[in-house]
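Student: My structure is below; once you've seen it, I'll send some questions.
The values are calculated or read from the model by the stated rules, or taken from the named source; none is laboratory data. Just so you know, these numbers come straight off a predicted model, no measurement behind them. With ideal geometry, Cβ positions are generated from the backbone for all residues, glycine too; neighbour counts draw on all protein chains shown. Surface accessibility is based on the protein's heavy atoms, side chains included, excluding ligands, DNA and RNA. Shrake-Rupley method; radii C 1.70, N 1.55, O 1.52, S 1.80 Å.
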Amino acid sequence: MDFLIRQALPEDLADADRITVEAFVGDGYTKPTSGYVEQLRDAGRRAREAELLVAVDPAGAGVLGCVTFAVGGTAWADIASPREGEIRMLATAAASRGRGVGEALVRATVTRSRDLGLAGMAFSTRPEMTAAHRVYERVGFRRTPERDWAPYPGMDLMVYTMAF
């Protein structure tokens, strides 16, 4: 692995903002006019109110990807129970895709959940995010359709879970 996964530092936040918006808006998953873009663009808030993990190039090329990790029952957790961890806003820079960055970030959230003594993980994903679904399944997550939900009409979300 030619990158390092760690907690985001203040100097990582602008890159994390850009990469998250690039992944969600640039890849067509979120409309540029959506109010959600402000959350995608606010890595500083995610770092303060949850945990923001980043993949960085140790040679100084900056942030390659990021993910927000939250414990269920906290402000950034949508679907996880208080005994589960949750992934939010997983994003890999377009130029860094295919290097295992996304998978390494997902694995880091699993490790973090285990370190906290949680019973497992649960998180939501959009049906069209098929590349991410392959990563989740490779790591060991399973579809849990009985937990699927919609935060508002027309925004159907699939749930993936892992028990420890």
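Student: So how far apart, in nm, are the two label points at Ala131 and Ala59 if each is 7 Å from Cα heading toward Cβ?
Tutor: 2.1
Student: Hey, another quick one. Roughly how many nanometres apart are two label points built 7 Å out from the Cα toward the Cβ at Arg6 and Arg142?
Tutor: 3.7
Student: Explain nothing, just the number: dipole magnitude of the range 13-77 about its Cα centre with +1 on each Lys and Arg Cβ and -1 on each Asp and Glu Cβ, in debye rounded to the nearest 20. Write down the numbers at each step before the final one.
Tutor: Values: 6 positive and 9 negative charges, 32 e Å.
So the magnitude is around 160 debye.
Student: Calculate the dipole size of the chain relative to its Cα centre from +1 charges on Lys and Arg beta carbons and -1 charges on Asp and Glu beta carbons; express the result in debye to the nearest 20.
Tutor: Roughly 320 debye for the chain.
Student: With both partners inside the range 1-145, how many of the DSSP beta bridges are antiparallel, as a percent to the nearest 5?
Tutor: Of those bridges, close to 90 percent are antiparallel.
Student: Test of understanding: what is the full-extension gain from Thr111 to Glu22, defined as 0.36 nm times their sequence separation minus their Cα-Cα distance?
Tutor: Extra length available between Thr111 and Glu22 comes to 29.4 nm.
Student: Another question, then. How big, in percent, is the set of alpha carbon pairs in the range 5-91 lying more than 17 Å apart?
Tutor: When every Cα pair of the range 5-91 is considered, 46 percent fall beyond 17 Å.
Student: Just the number, please: Stokes-Einstein D of the range 58-114 in µm²/s, Kirkwood Rh from C-alpha pairs, 4 °C, 1.567 mPa s.
Tutor: 106
Student: Right, here's the next one. Quick one: with all protein chains in place, what share of the accessible area of the chain is carbon or sulfur, to the nearest percent (1.4 Å probe)?
Tutor: 53
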